[in-house]
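To keep things clear, I will list the structure first and then write my remarks on it.
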């Protein structure tokens, strides 16, 4: 391996540091400011042929094996919420990042930053959730680390998981592989995770209890690949929600994405909660939802396979890719009017994952 | 891969939760309490054939490639200290964990948990240090994550890095490979990192400025392997210092380790600072020091190779392994008296890495 790429002249301090002298909550929202930080600070400094800022993980060739390698920190508040906890998230989230690279998730490492005074019993419950999520996802947790920070320097516990998965040779699943004419399929209804965490945080209760959609996505992706679907791109709909994800893919593929708003599945209780909280469900985080970009002729089969994998969900085709207005996402609303969709620009739901 | 090992009956809640209902700073010290937490909570819950609680990383076979995979969180306080910063540590620390598995360090992921209000300029300086450390260590940073937590829920920035390295087939470097008769070699003087961080934290200044020994250890380890040294075990001397590391290895190899205190290199200024601060240098953290366990007949050659790699350090043989009192470390002092060495039991230097 060569590290010659680092020998480029050291990049100069970017102007964005003066524009934003301090980190704000919005820098962690998954939206515009976070991308600005990555593009201006991390990408130029860490630049190398394998650095991946556009994807959920990096694809590496090591001794003949093609691997996906990824990491995520989890800082969700509160730690326990309807349908899961930070442990469930820490396993599913990283497993899903591997799956979105087209990799079979295999191994995880887990690192804990624990605040002094945190109940050991809560730590046990969280580790138990991690065990259960790992079983469900078919992965092994193989190594870890534990750090303790003084009272007032943390918020209970933060968990960082990193994962390694195996990718079939020749497979290229990435925003770069998206093509005009691709159909866009979503694997189920959106918004449940964000609303579940938000309602727990704010002490709200709705008529119907809304549980997080947190789930491992390795199995449905492996099913699509095994059935021979020519997947171009996959992306899970976490921070910033469906809207931000689509804008990211439109921008990095330099293509136009057109979505039919009316086809995006949302449960009535989620819609009701969003209205009450003043949230747009298109920007609400999910932890078990993804979009697949596939050739139009394989769209119906994709929907059928995803439906078989998760009988409790209703996958649907929500839009298509064209070479119209490049880098732009448009959404058709109920009155057939088209609007341009942007990334989340400020903070909507901080610390959702 | 099978995950059948997880199908074992769910382990019961361990008694240690009642004994220690809350996490204390000592749980993160690298000493006895941390090992208790790992052995009673994480090990039984995450148990699987690849789970590694005795080593710096896990060794995995994926598609014919033998890999080391590891993670560590860095919570050092203060973030900047003489000789480095949290960014230097986050790269060197994880690179070193890979090297201690006998792996050639290749790729890192980096995940940032940043506190709202943190100066973006400091983030730039830290990322620059990471770039420089990665160049020095010959690794690529390939993927990452950024999370922001509210003001008062963090301490500037915490970084978690995970790493993947390549191990030669057939190589087994682990506490299990330590044998009676092995010589124990240290690559240089101890205690500089801990004292550098501590003096910065406490605002102390000494006659001679003490800088952290933070450095990547991939190159010396690769040199030993290339020259054909039959390395049995490697371990870097981080949290808990030389003493805790030796006790860990004695316990997991079920052998006796005998050290000659007088041979352990310590600079006068470090010794002076330790005396002033009431610290035992044997327990002070290092970030560029390791011990190698090799057959006695290869000890002198090991010392020579390590000396060639780092002309500014003086590697020495500090002791040997025997099948005497099993699981015990003894240290011969200046008056030839022998004392039994234990792990760090409380907190000595919290948040040192």
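The values are calculated or read from the model by the stated rules, or taken from the named source; none is laboratory data. Please read these numbers as outputs of a predicted model, since none were measured by experiment. Glycine gets a Cβ as well: all are built from the backbone with ideal geometry, and neighbour counts include every protein chain shown.
Which count do you get for residues in the range B:102-122 that are more than 7 Å from every other protein chain (Cβ to nearest Cβ) and over 22 Å from residue A:76 (Cα atoms)?
So the count comes out to 6.
Quick one: would you say residue A:129 is in a helix (DSSP H, G or I), surrounded by fewer than 24 Cβ atoms within 10 Å (Cβ to Cβ) and touching a strand residue (DSSP E or B) at 6+ places or on another chain (Cβ under 7 Å)? First the steps, then the outcome.
On the way: in a helix (DSSP H, G or I): yes; surrounded by fewer than 24 Cβ atoms within 10 Å (Cβ to Cβ): yes; touching a strand residue (DSSP E or B) at 6+ places or on another chain (Cβ under 7 Å): yes.
Yes; evaluated as a whole, the condition is true for this residue.
Scanning for something assigned to a strand (DSSP E or B) and on the phi < 0 side of the Ramachandran plot, does the range B:46-59 turn up at least one residue? If you could, list the steps in order and put the result at the bottom.
Initially, the range B:46-59 is screened for residues assigned to a strand (DSSP E or B), giving B:58-59.
Going one step further and asking which of them are on the phi < 0 side of the Ramachandran plot, we end up with B:58-59.
Yes, because at least one residue in the range B:46-59 is assigned to a strand (DSSP E or B) and on the phi < 0 side of the Ramachandran plot.
Is it the case that some residue within the range A:319-336 is under 21 Å from residue A:238 (Cα atoms), within 14 Å of another protein chain (Cβ to nearest Cβ) and not in a helix (DSSP H, G or I)?
Looking through the range A:319-336, none of the residues is under 21 Å from residue A:238 (Cα atoms), within 14 Å of another protein chain (Cβ to nearest Cβ) and not in a helix (DSSP H, G or I).
This table checks each residue for (1) surrounded by fewer than 17 Cβ atoms within 10 Å (Cβ to Cβ); (2) in the same structural domain as residue A:215 (by TED's automatic domain parsing); (3) over 18 Å from residue A:234 (Cβ atoms).
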residue: A:281; (1), (2), (3): no, yes, yes
residue: A:287; (1), (2), (3): no, yes, no
residue: A:301; (1), (2), (3): yes, yes, no
residue: A:304; (1), (2), (3): yes, yes, no
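Looking at A:122, A:111, A:143, A:73 in this structure, which one is more than 16 Å from residue A:215 (Cβ to Cβ), outside the structural domain of residue A:194 (by TED's automatic domain parsing) and out of contact with any strand residue (DSSP E or B) (no Cβ under 7 Å at 6 or more places or on another chain)?
A:122
From the list B:346, B:324, exactly one residue is more than 24 Å from residue B:208 (Cα to Cα), touching a strand residue (DSSP E or B) at 6+ places or on another chain (Cβ under 6 Å) and surrounded by fewer than 22 Cβ atoms within 10 Å (Cβ to Cβ). Which is it?
Being more than 24 Å from residue B:208 (Cα to Cα), touching a strand residue (DSSP E or B) at 6+ places or on another chain (Cβ under 6 Å) and surrounded by fewer than 22 Cβ atoms within 10 Å (Cβ to Cβ) holds for just one of B:346, B:324, which is B:324.
Within the range A:198-211, is there a residue that is outside the structural domain of residue A:310 (by TED's automatic domain parsing) and closer than 30 Å to residue A:306 by Cα?
No, every residue in the range A:198-211 fails to be outside the structural domain of residue A:310 (by TED's automatic domain parsing) and closer than 30 Å to residue A:306 by Cα.
Has the range A:201-219 got at least one residue that is at pLDDT below 95, within 27 Å of residue A:108 (Cβ to Cβ) and surrounded by 15 or more Cβ atoms within 10 Å (Cβ to Cβ)?
So far as the range A:201-219 goes, yes, one or more of its residues are at pLDDT below 95, within 27 Å of residue A:108 (Cβ to Cβ) and surrounded by 15 or more Cβ atoms within 10 Å (Cβ to Cβ).
From the set of residues in the range B:70-97 that are more than 9 Å from chain A (Cβ to nearest Cβ) and assigned to a strand (DSSP E or B), which is nearest to residue B:291 (Cα to Cα)?
Ranking the candidates gives B:84 first.
Is the range B:167-181 home to any residue that is over 27 Å from residue B:253 (Cβ atoms) and assigned to a loop (DSSP other than H, G, I, E, B)?
No - not one qualifying residue is present in the range B:167-181.
Hey, could you check the range A:50-65 for residues that are more than 8 Å from chain B (Cβ to nearest Cβ) and more than 15 Å from the chain's Cα centre (by Cα) and say which is farthest from residue A:250 (Cα to Cα)?
The qualifying residue farthest from residue A:250 (Cα to Cα) is A:61.
Could you grab me the full set of residues in the range B:1-16 that are buried (at least 17 other Cβ atoms within 10 Å of the Cβ) and at pLDDT 90 or above?
Answer for the range B:1-16, where residues must be buried (at least 17 other Cβ atoms within 10 Å of the Cβ) and at pLDDT 90 or above: just B:14.
Tally up the residues in the range A:98-122 that are outside any strand (DSSP E or B) and within 18 Å of the chain's Cα centre (by Cα), please.
6
Test residue B:37 against the criterion of being farther than 17 Å from residue A:69 by Cα, at the interface with chain A (Cβ under 9 Å from one of its Cβ atoms) and touching a strand residue (DSSP E or B) at 6+ places or on another chain (Cβ under 8 Å), and give yes or no.
In short, yes.
Here are some residues: B:159, B:195, B:185, B:229. Which one is modelled with pLDDT of 95 or more, closer than 23 Å to residue B:275 by Cβ and over 15 Å from the mean Cα position of the chain (by Cα)?
Checking each option against the conditions leaves just B:195.
Can you pull out the residues in the range B:13-30 that are in a helix (DSSP H, G or I) and within 7 Å of chain A (Cβ to nearest Cβ)? Don't jump to the end; show me each part of the working.
Step one: filter the range B:13-30 for residues in a helix (DSSP H, G or I), giving B:16-19, B:25-28.
Those that are in a helix (DSSP H, G or I) and within 7 Å of chain A (Cβ to nearest Cβ): B:17, B:25, B:27, B:28.
Sort out which residues of the range B:123-134 are over 19 Å from the mean Cα position of the chain (by Cα) and more than 7 Å from chain A (Cβ to nearest Cβ), and write them in order of number.
Across the range B:123-134, the qualifying residues are B:125, B:126, B:129, B:132.
Conditions (1) farther than 28 Å from residue A:16 by Cα; (2) touching a helix residue (DSSP H, G or I) at 6+ places or on another chain (Cβ under 7 Å); (3) buried (at least 19 other Cβ atoms within 10 Å of the Cβ), marked per residue:
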| position | (1), (2), (3) |
| --- | --- |
| B:113 | no, no, yes |
| B:137 | yes, yes, yes |
| B:152 | no, no, no |
| B:156 | no, no, yes |
| B:176 | yes, yes, no |
| B:180 | yes, no, no |
| B:187 | yes, yes, yes |
